[in-house]
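**Q** Pasting a structure here, questions to come.
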Amino acid sequence: MSQIALRLLDGGMGRELKRIGAPFRQPEWSALALIEAPEFVLQAHGAFIAAGARIITTNSYAVVPFHIGDARFAEQGRLLAERAGRLARQAAAGSAEPVVVAGSLPPALGSYRPDLFDHQRSVAIHRELIDGLQAHVDVWLAETQSSTAEVRAVVEALGAQSKPLWVSFTLLDETDGPARLRSTESVGDAVRVAAHLGAQAVLFNCSQPEVMAAALTEARLVIQSLGQSIELGVYANAFPPVNTEAKANSTLLDIRSDLGPESYLDWSRTWVEAGATIVGGCCGIGPEHIAQLHLHLRPQREVAP
């Protein structure tokens with residue numbers, strides 16, 4: 001038997017910023033603290049690291065025109081991305097344990113809306129983010145990707161970048177039938193595309209816990225059939241089901257009362273059993289949730305050679 005170490009990702013930055021009193025409103029979302037009070041971003045990163053996260057994500061998710069507007073993005077997008085990367089690196093450097101910094105590359109034209117995708121516009125937006133982040137990150141995390149087209153745009157924007165690529169897809173919040181991306185593409189097809197594009201990890205995020213295990217199972221089978229070594233991960237949100245017309249963070253969605261730290265721990269155990277080696281949280285999952293994972297999840301999982 002060989003051993004695969006389980007690594008903990010952080011939780012949802014936006015809700016943590018709101019909880020600790022940072023400037024927070026729509027449409028800027030988590031970018032507002034980055035603009036007006038970056039010390040809160042550093043505090044939030046530190047809280048997740050103290051809870052046990054060993055992978056933290058740059059607060060660049062909302063540094064896109066959808067949240068900060070076209071004019072501000074044109075003037076400050078690269079600068080704000082650089083600030084997000086620098087703050088994450090500062091937090092990681094202050095940890096007694098090694099911490100990986102993942103550069104967040106979000107859907108460029110609106111979360112949960114593959115129908116709004118425009119390839120050239122997406123590539124241009126991502127190039128600004130990449131230019132700002134690249135000096136500070138260890139891996140690239142293309143997250144909350146609703147379609148394989150969004151991932152292809154990220155990869156084109158990255159160009160010859162040599163840092164590892166992790167791809168995280170968001171899923172339809174439907175439990176009747178196989179897991180599917182919000183574009184309705186199958187998980188199997190999405191994993192094949194990610195593998196072809198060189199992803200070293202495939203994750204699922206910003207969807208309900210209930211849909212994650214099925215996606216992991218299908219992804220694991222595809223990766224085995226390809227004969228590739230690709231890590232799997234999950235970081236679910238604490239939202240109620242989100243319909244297909246919704247835009248993530250377009251309104252301040254409620255947080256489910258049944259997804260406290262202990263409940264989230266139970267879900268996380270099922271993901272580890274299904275093959276996940278990277279586990280964390282998305283919107284509504286805070287340091288208290290990550291602390292439970294750090295305390296109770298087995299630090300290693302045995303797998304067949």
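**Q** Being open to solvent by less than 10 Å² (accessible area, probe 1.4 Å), among the aliphatic types (A, V, I, L, M) and closer than 14 Å to residue 65 by Cβ narrows it down to one residue among 130, 125; which is it?
**A** Values: 130 fails: closer than 14 Å to residue 65 by Cβ.
The match here is 125.
**Q** Can I ask one more? Filtering the range 213-237 down to residues that are aliphatic (A, V, I, L, M) and under 14 Å from the mean Cα position of the chain (by Cα), which residue is farthest from residue 281 (Cα to Cα)?
**A** Filtering the range 213-237 down to residues aliphatic (A, V, I, L, M) leaves 213-216, 219, 221-223, 226, 230, 232, 234, 236.
Those still in the list that are under 14 Å from the mean Cα position of the chain (by Cα) too: 232, 234, 236.
Values: 232: 14, 234: 8, 236: 5 Å.
So, considering only residues that are aliphatic (A, V, I, L, M) and under 14 Å from the mean Cα position of the chain (by Cα), the one farthest from residue 281 (Cα to Cα) is 232.
**Q** A further question on this structure: Within the bounds of the range 230-251, is there any residue that is in a helix (DSSP H, G or I) and of a type outside the set (Ser, Thr, Tyr)?
**A** no
**Q** Residues of the range 133-142 being surrounded by 19 or more Cβ atoms within 10 Å (Cβ to Cβ) and either under 12 Å from residue 158 (Cα atoms) or modelled with pLDDT under 95 (or both), which ones? First the steps, then the outcome.
**A** Filtering the range 133-142 down to residues surrounded by 19 or more Cβ atoms within 10 Å (Cβ to Cβ) leaves 133, 136-137, 140-142.
Across the range 133-142, the qualifying residues are 133, 140, 141, 142.
**Q** Of all residues in the range 35-62, count the ones that are assigned to a helix (DSSP H, G or I), of a type outside the set (A, V, I, L, M, F, W, C) and touching an Asp or Glu at 6+ places or on another chain (Cβ under 8 Å).
**A** 1
**Q** Next question, about the same structure. So, residue 147, is that one closer than 26 Å to residue 215 by Cα and under 16 Å from the mean Cα position of the chain (by Cα) or not?
**A** Details: closer than 26 Å to residue 215 by Cα: yes; under 16 Å from the mean Cα position of the chain (by Cα): yes.
So residue 147 passes the test.
**Q** Hey, another quick one. Quick one: how many residues across the range 183-195 are among the β-branched types (Val, Ile, Thr) and either touching a residue at least 40 places away in the same chain (Cβ under 8 Å) or surrounded by fewer than 17 Cβ atoms within 10 Å (Cβ to Cβ) (or both)? Walk me through how you get there before you give the answer.
**A** Here is the first cut: in the range 183-195, the residues among the β-branched types (Val, Ile, Thr) are 184, 187, 191, 193.
Cutting the leftovers down to either touching a residue at least 40 places away in the same chain (Cβ under 8 Å) or surrounded by fewer than 17 Cβ atoms within 10 Å (Cβ to Cβ) (or both) gives us 184, 193.
Total satisfying the criteria: 2.
**Q** Go through the range 92-183 and tell me which strands (runs of 3 or more DSSP E), entirely inside it, have 1 or more residues that are at positive phi. Don't jump to the end; show me each part of the working.
**A** Values: elements: 100-105, 139-145, 165-169.
Answer list for the range 92-183: 139-145.
**Q** Give the residues of the range 196-209 that are among the aliphatic types (A, V, I, L, M) and open to solvent by 10 Å² or more (accessible area, probe 1.4 Å), sorted by residue number. Full working, then the answer.
**A** Restricting attention to the range 196-209, the residues satisfying the condition of being among the aliphatic types (A, V, I, L, M) are 197, 199, 201-203.
Passing the criteria: only 197.
**Q** Step by step: first the residues of the range 91-122, then only those that are polar (S, T, N, Q) and touching a helix residue (DSSP H, G or I) at 6+ places or on another chain (Cβ under 6 Å), then the one that is least open to solvent (accessible area, probe 1.4 Å). Which residue is that? Break it down stepwise before answering.
**A** Pass one, the range 91-122, residues polar (S, T, N, Q): 95, 104, 111, 120, 122.
Checking the rest, the ones that are also touching a helix residue (DSSP H, G or I) at 6+ places or on another chain (Cβ under 6 Å) come to 95, 122.
Values: 95: 29, 122: 4 Å².
The residue in question is 122.
**Q** Of the residues 19, 78, 7, which single one is of a type in the set (Lys, Arg), touching a strand residue (DSSP E or B) at 6+ places or on another chain (Cβ under 7 Å) and at pLDDT 95 or above? If you could, list the steps in order and put the result at the bottom.
**A** Values: 19 fails: touching a strand residue (DSSP E or B) at 6+ places or on another chain (Cβ under 7 Å); 78 fails: touching a strand residue (DSSP E or B) at 6+ places or on another chain (Cβ under 7 Å).
Answer to the selection: 7.
**Q** Consider residue 14 carefully, then state whether it is assigned to a helix (DSSP H, G or I), surrounded by fewer than 21 Cβ atoms within 10 Å (Cβ to Cβ) and under 19 Å from the mean Cα position of the chain (by Cα).
**A** Spelling it out, it is not the case that residue 14 is assigned to a helix (DSSP H, G or I), surrounded by fewer than 21 Cβ atoms within 10 Å (Cβ to Cβ) and under 19 Å from the mean Cα position of the chain (by Cα).
**Q** With the structure loaded, tell me whether residue 28 is charged (D, E, K, R), open to solvent by less than 40 Å² (accessible area, probe 1.4 Å) and closer than 24 Å to residue 264 by Cα or whether it fails that test. Walk me through how you get there before you give the answer.
**A** Details: charged (D, E, K, R): yes; open to solvent by less than 40 Å² (accessible area, probe 1.4 Å): yes; closer than 24 Å to residue 264 by Cα: no.
For residue 28, the condition - charged (D, E, K, R), open to solvent by less than 40 Å² (accessible area, probe 1.4 Å) and closer than 24 Å to residue 264 by Cα - is not met.
**Q** Assuming residue 21 fulfils every condition listed in (1) open to solvent by 70 Å² or more (accessible area, probe 1.4 Å); (2) assigned to a loop (DSSP other than H, G, I, E, B) apart from one, which condition is it?
**A** So residue 21 meets the others, but not (1).
**Q** OK, next. (1) out of contact with any strand residue (DSSP E or B) (no Cβ under 6 Å at 6 or more places or on another chain); (2) over 21 Å from residue 209 (Cβ atoms): which one isn't true of residue 176, the others all being true?
**A** All conditions are met except number (2).
The values are calculated or read from the model by the stated rules, or taken from the named source; none is laboratory data. Predicted model only: the values in this text are computed from it and were never measured. Methodologically, a virtual Cβ is constructed for each residue, glycine included, from the backbone with ideal geometry; neighbour enumeration extends over all protein chains shown. For the accessible areas, the whole protein counts, side chains as well, though only heavy atoms, and no ligand, DNA or RNA atoms are used. Shrake-Rupley method; radii C 1.70, N 1.55, O 1.52, S 1.80 Å.
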